[in-house]
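Below: the structure, in C-alpha cells.
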Ligand code: PLP
C-alpha cells in the first residue's frame, strides 16, 4: 500500500468507523453466531498476491462485524465497560504511526517524558496523594501497564523482592552472595499474598507468577461483601501460627462482582498491630471504580491512600474514556519497582541511563518494548477537559441510580442484594421462601430464587436485545447491570429494565 492508497483507504476506514458507531445502538448486542462460524468464511491459506483494500474492508463488514459482541452498544451492560472515544482512537493512530517501543528514555524521549507528565496529570485528576507523583519526596510515580492483571502481577513481584531483601538483610546476609541466593528461596517459600474472596483473580494469579502462596479473606453479604478488619486479622493470625510470612495485601476499590469497597481504614489499622504486619505491601486495585475519583464528591476516598498504601492501579479503559489498553499504576516509591525489575545487559546500556537521571520504563514493568499509550490519554484529557470527564462519571452514576430506583420500585418482583453504586446494580428475583432485609444485608439463601435469577439472565442474554452478566455472591445468584457505557442514555436504561421485567414475568408465569 503506497501513501496515496493509504490516504484513500484510511478515509474510507474512518467513514466506516463513524458509521459503525452510529449504527451500534441498533445492532443486536450479542452476535447470533455459533462457535467456529468464522473458519468457513476465510480462505484456508493466506493470499499469494496482494488484495485491494476495498475487498479487505468489505470482509470486515460481512465477516467480522457479525461475530462481534458490541461492547460499545448502550445495551451492553455486562462485566464492566470497555470504553472508546474518538480522541483515544486518534491517539492510537499516532501511536501506531510512530511505533517507537520506548523501553529506555533514549529510545524515544517524547514517549517517556509524555508518560511521566501524563501520569502526574492523572494522579492529580484522581486526587491521589502527592506521594504517587513523580515529583514527590518519596520517589513515587505512575506507569502505564498493559492491563490491571499485569499491574498487579508486577507489584506482587516487587513486593516479594522487597520483603525477601528486608528479611535477608536482617539475617546479616549480603546481597549478591551465594548464601543470600540460597536463603532467598527458603524465605520465599514461606511468603503469602493475601486478598479477599471478592478480589479479582489477578491477585491470585500474581501470587502464582511470584511463586508464593495465596490466602483469601472471607467476605459476607451482611458486610456488603467488603473485606473487614476482623476477618483480615483472622487470616494474618493463622499465617503467623503456620509459620508463614504475609508480604502483600490487595484491597479493592470496586470489586468485580458487586463493586464493593474494602474497609481501607479498618484494614490499615489491623496492619499496624504487629511490626511484621506493618511490612506488608498494601496495594489498592481500583480497576473500575477508580475512575469515579475524577469527580470531586468521591475524592475523599483517595485520602485513605496517603498513608499505609504502597501502590494503586485503575483502568482508564474501563470507565474513563480512553480505549483499551490504558491501565495506570502508581507507586509510592519507584525504587521498589526498579530494584526488583532492573536487569541491564550491555546492549541496553547508554550514557543517559547510566547517569540515572532519566526514567527507563522497562524497569517498571515486565515487558521491554512498550506502546506510546500516553498520547491517547493526553488527547482524551485535553479533548474532554477534567470537567467533561467528571460530567461523564456523574451522568453514568446517575443512570445507575435510576436503574436501582426502578428495581426498588418493583419490590414485588426483585430485591437488592448489595448496595448499588458506581453505576452497578446487583439484584435478584425476590425470594418468596424467607424474608430478606436489604437494610441489614440479610438476603435469604434460596435455591428457587437462585434458579429463577439464573434462568432470567440466560433468557434475556439469549435473546440478545441487551446483555448483562450474572454471578454468585455468598451463595446468592444475582443479576448485575452496569450503566457506565459512554453511549448510555436514560431510554436504554429504562428499556433494559423493561426487558428484564417482561422476561421475569414470563418466567414466573411459566413456573406457576
Ligand atoms: N481488577 C478488577 C476489580 C476488575 O474488575 C478487573 C476486570 O474486570 C481486573 C482487575 C482485571 O482487569 P484487566 O482485564 O485489565 O486485567
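Things worth noting here:
- Rounded if a/c under 1.5, otherwise prolate or oblate - the stretch 113-269, Cα gyration tensor axes: oblate
- Averaging 1/r across all pairs of distinct Cα atoms in the chain and inverting the result yields a Kirkwood radius of 24.9 Å.
- Residue order, fewest to most beta carbons within 10 Å, for 152, 456, 397, 42: 42, 397, 456, 152
- Debye log10 I(q)/I(0) for the stretch 1-150, one point scatterer per Cα, at q = 0.10, 0.15 Å⁻¹: -0.60, -1.10
- Between residue 23 and residue 9, the simple spin-label model (points 7 angstrom out along Cα→Cβ) gives 2.1 nm.
- Panel order for 4, 150, 342, by other beta carbons found within 10 Å of each beta carbon, from fewest to most: 4, 342, 150.
- With bins 10 Å wide beginning at 0, the percent of Cα pairs of the stretch 470-512 falling in each bin runs 23, 39, 33, 6, 0.
- Divide the volume of the convex hull around the Cα atoms of the stretch 181-324 by the residue count and you get 121 Å³ per residue.
- Label-point separation, residue 89 to residue 63 (7 Å along Cα→Cβ), nm: 2.2 nm
- Helices in the chain, meaning DSSP H runs of at least 4 residues, each add -39500 (n - 2.57). Divided by all residues, the mean residue ellipticity at 222 nm is -13500 deg cm²/dmol.
- The share of C-alpha pairs in the stretch 1-57 whose separation exceeds 17 Å stands at 61 percent.
- The stretch 387-411 and the stretch 452-512 have their alpha-carbon centroids 17 Å apart.
- The chain, relative contact order [Cα under 8 Å, separation at least 6], %: 21 percent
- By average C-beta atoms within 10 angstrom, highest first, the peptides 400-412, 202-214: 202-214, 400-412
- In this structure, residue 444 and residue 272 have a Cβ-Cβ separation that, at R0 = 41 Å, corresponds to a calculated FRET efficiency of about 0.65.
- The shape of the stretch 178-230 can be summarised by an equivalent ellipsoid whose semi-axes, obtained from the alpha carbon gyration tensor, come to 30, 11, 5 Å from longest to shortest.
- Counting all C-alpha pairs of the stretch 333-428, share separated by more than 19 Å (%): 66 percent
- Using a cutoff of 8 angstrom between alpha carbon atoms and counting only pairs six or more residues apart, the relative contact order for the stretch 171-293 works out to 24 percent.
- Kirkwood-based Rg to Rh ratio, the stretch 381-511, C-alpha trace: 1.01
Quick note: the coordinates plus some simple rules give every number you see, no bench work behind them. Being a predicted model, the structure only gives us computed values, none of them experimental. Reconstructed Cβ throughout: ideal geometry from the backbone, glycine too, with neighbour counts over all protein chains shown.
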